[in-house]
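Down below is the structure, laid out as structure tokens.
The values are calculated or read from the model by the stated rules, or taken from the named source; none is laboratory data. In this text, all values refer to a predicted model and were calculated from it rather than measured experimentally. Please note: Cβ atoms are built from the backbone with ideal geometry, for glycine as well, and neighbour counts cover all protein chains shown.
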Amino acid sequence: MLTQSLPLRHVSEFAADIREGLTKSGQRELPSKYLYDEVGSALFETICVLPEYGLTRADARLLEKHAREIVRLLPSPVHVAELGSGSGKKTRWILEALSRRQKTYYFPIEISPSALAACEKELGQIDLVSIVGYEQPYLEGLRAVARGRADGDHLLVLFLGSTIGNFDRDAGEEFLRSVRNILREGDALLLGTDLEKSVEVQMPAYDDPAGVTAAFNLNLLARINRELRGDFDLANFRHEARWNAIERRMEMHLRSTCRQRVEIPAAGLRVSLDEDETIWTESSHKYRIGEAGEMAARTGFRCEGQWVDAEWPFSQNLLIAE
Ligand code: AVI
């Protein structure tokens, strides 16, 4: 796989984001994008196979079942750009269906080099599919892909796994608008959205009994220790999952189990945390069935098709740029 990468991003960007989040007045926060270093990405892959976390299996089942129909609804010729490809496993269904009709370029866009490598390993052998990875943030990578295409070529952008749910709702719509602005009329966006379900099902998906999600969350502190010379004592924090019924989202927090001081020299930071204070690390918004179509209409797309999983409420939505 060819990989287009940016010059090494400075540790200072990570340090600045950590400083900003941990010094917020009121609720402290850490950006969820930093959950995905090599260890975090591996833990997330494990979350995806947990019996309690049905989201990834639903996403993959829908692609397996409907890939041919989805491909039939796409313009031609079309190449595929995926935002946050992860290991790329579920993308196989779309690429195989497309490769039956044309030679296809696949552009995974990922900030995690280990995920890009896993994706190449998973998908590198499909006939008539060439992979060019972009080790860049989503929009920068997509802009580069769009700039490089020939005049008549269309793009199918994959934004699967309900990653949109990790944005605040307004920011998610703004993101869709930015994607639309990069695309040409007739280009497509396949958007996966996890649908609202009962709290009894939703909670264990984010607080599994084996503690994998807890490890995924706590690894963020371990990463700060590794990369920014922090001295977080992980034994003094507890993973917490919450359902926020007003915002319709799951939240992950790290609860400080005692009054404590933490130093992060590479971020020039010293913080005092109270007992029971939490650091908010992630939101996973959940959607109603018509919501993807409504978001599409507000951001320059029309919804051409929607497929909903029968076992785990989750929808794939094919949006066409207008
Ligand atoms: C990547 N993203 C859609 C996952 C989610 O469900 O929000 C990340 C995750 N966090 C905890 N478990 C999984």
(request) Would you please list the contacts, defined by Cβ atoms under 9 Å and residues six or more apart or on different chains, that run from a residue in segment 50-70 that is within 12 Å of the ligand (Cβ to nearest atom) to a residue that is among the charged types (D, E, K, R) and part of a helix (DSSP H, G or I)? (result) THR56/LYS89; THR56/LYS90; ASP59/LYS90
(message) So, in segment 77-116, how many residues would count as being closer than 23 Å to LEU139 by Cα and more than 19 Å from the chain's Cα centre (by Cα)?
(response) 6
(message) Give all pairs with beta carbons closer than 8 Å in which a residue from segment 160-185 that is in a loop (DSSP other than H, G, I, E, B) meets a residue that is among the acidic types (Asp, Glu) and modelled with pLDDT of 95 or more; count only pairs at least 6 apart in sequence or on separate chains.
(response) LEU160/ASP59; LEU160/GLU82; GLY161/ASP59; SER162/ASP59; SER162/ASP194; GLU185/GLU322
(message) Could you go through segment 133-151 and let me know if any residue there is at pLDDT 95 or above, under 19 Å from ILE70 (Cα atoms) and either aromatic (Phe, Trp, Tyr) or crowded, with 22+ Cβ neighbours inside 10 Å (or both).
(response) no
(request) Determine if segment 109-124 includes at least one residue that is away from the ligand (no atom under 16 Å from the Cβ), under 29 Å from ALA310 (Cα atoms) and not charged (D, E, K, R). (result) yes
(request) Would you mind telling me which numbered condition in (1) assigned to a loop (DSSP other than H, G, I, E, B); (2) more than 13 Å from the ligand (Cβ to nearest atom) ALA235 fails? (result) (1)
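So if I check each of LEU176, LEU191, LEU160, LEU195, which one is touching a Pro at 6+ places or on another chain (Cβ under 6 Å), within 16 Å of the ligand (Cβ to nearest atom) and over 24 Å from GLU13 (Cα atoms)? Give the steps one after another, and end with the answer.
Values: LEU176 fails: touching a Pro at 6+ places or on another chain (Cβ under 6 Å); LEU191 fails: touching a Pro at 6+ places or on another chain (Cβ under 6 Å); LEU160 fails: touching a Pro at 6+ places or on another chain (Cβ under 6 Å).
Answer to the selection: LEU195.
Pull up segment 18-36, narrow it to residues that are within 14 Å of the ligand (Cβ to nearest atom) and surrounded by 17 or more Cβ atoms within 10 Å (Cβ to Cβ), then point me to the one that is farthest from the chain's Cα centre (by Cα).
Residues of segment 18-36 that are within 14 Å of the ligand (Cβ to nearest atom), as a first pass: 30-36.
With surrounded by 17 or more Cβ atoms within 10 Å (Cβ to Cβ) added as a condition, the list becomes 30, 32, 34-36.
On the way: LEU30: 16, SER32: 10, TYR34: 11, LEU35: 11, TYR36: 10 Å.
Checking each candidate, the answer is LEU30.
Quick check, is ASN225 within 16 Å of the ligand (Cβ to nearest atom), surrounded by 13 or more Cβ atoms within 10 Å (Cβ to Cβ) and outside any strand (DSSP E or B)? Walk me through it before giving the result.
On the way: within 16 Å of the ligand (Cβ to nearest atom): no; surrounded by 13 or more Cβ atoms within 10 Å (Cβ to Cβ): yes; outside any strand (DSSP E or B): yes.
It is false that ASN225 is within 16 Å of the ligand (Cβ to nearest atom), surrounded by 13 or more Cβ atoms within 10 Å (Cβ to Cβ) and outside any strand (DSSP E or B).
Return yes or no: is GLU135 more than 21 Å from PRO313 (Cα to Cα), within 16 Å of the ligand (Cβ to nearest atom) and either of a type in the set (Asp, Glu) or touching a Cys at 6+ places or on another chain (Cβ under 9 Å) (or both)? Write out each step before concluding.
Values: more than 21 Å from PRO313 (Cα to Cα): yes; within 16 Å of the ligand (Cβ to nearest atom): no; either of a type in the set (Asp, Glu) or touching a Cys at 6+ places or on another chain (Cβ under 9 Å) (or both): yes.
When the stated conditions are applied, GLU135 does not pass them.
Is it the case, given these coordinates, that VAL212 is more than 10 Å from the ligand (Cβ to nearest atom) and either at pLDDT 95 or above or in contact with a strand residue (DSSP E or B) (Cβ under 9 Å, 6 or more places away or on another chain) (or both)? Quick ask: steps written out before the conclusion?
Working: more than 10 Å from the ligand (Cβ to nearest atom): no; either at pLDDT 95 or above or in contact with a strand residue (DSSP E or B) (Cβ under 9 Å, 6 or more places away or on another chain) (or both): yes.
Considered against the rule, which asks whether it is more than 10 Å from the ligand (Cβ to nearest atom) and either at pLDDT 95 or above or in contact with a strand residue (DSSP E or B) (Cβ under 9 Å, 6 or more places away or on another chain) (or both), VAL212 comes out as no.
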(request) Find the strands (runs of 3 or more DSSP E) located wholly in segment 245-302 whose residues include 2 or more that are of a type outside the set (A, V, I, L, M), touching a strand residue (DSSP E or B) at 6+ places or on another chain (Cβ under 7 Å) and within 16 Å of the ligand (Cβ to nearest atom), and list them. (result) 249-256, 278-285
(request) Output the number of residues of segment 81-102 satisfying the condition of being away from the ligand (no atom under 16 Å from the Cβ), over 18 Å from GLU135 (Cα atoms) and either in a helix (DSSP H, G or I) or modelled with pLDDT of 95 or more (or both). (result) 8
(request) Could you grab me the full set of residues in segment 54-80 that are part of a loop (DSSP other than H, G, I, E, B) and surrounded by 19 or more Cβ atoms within 10 Å (Cβ to Cβ)? (result) GLY54, LEU74
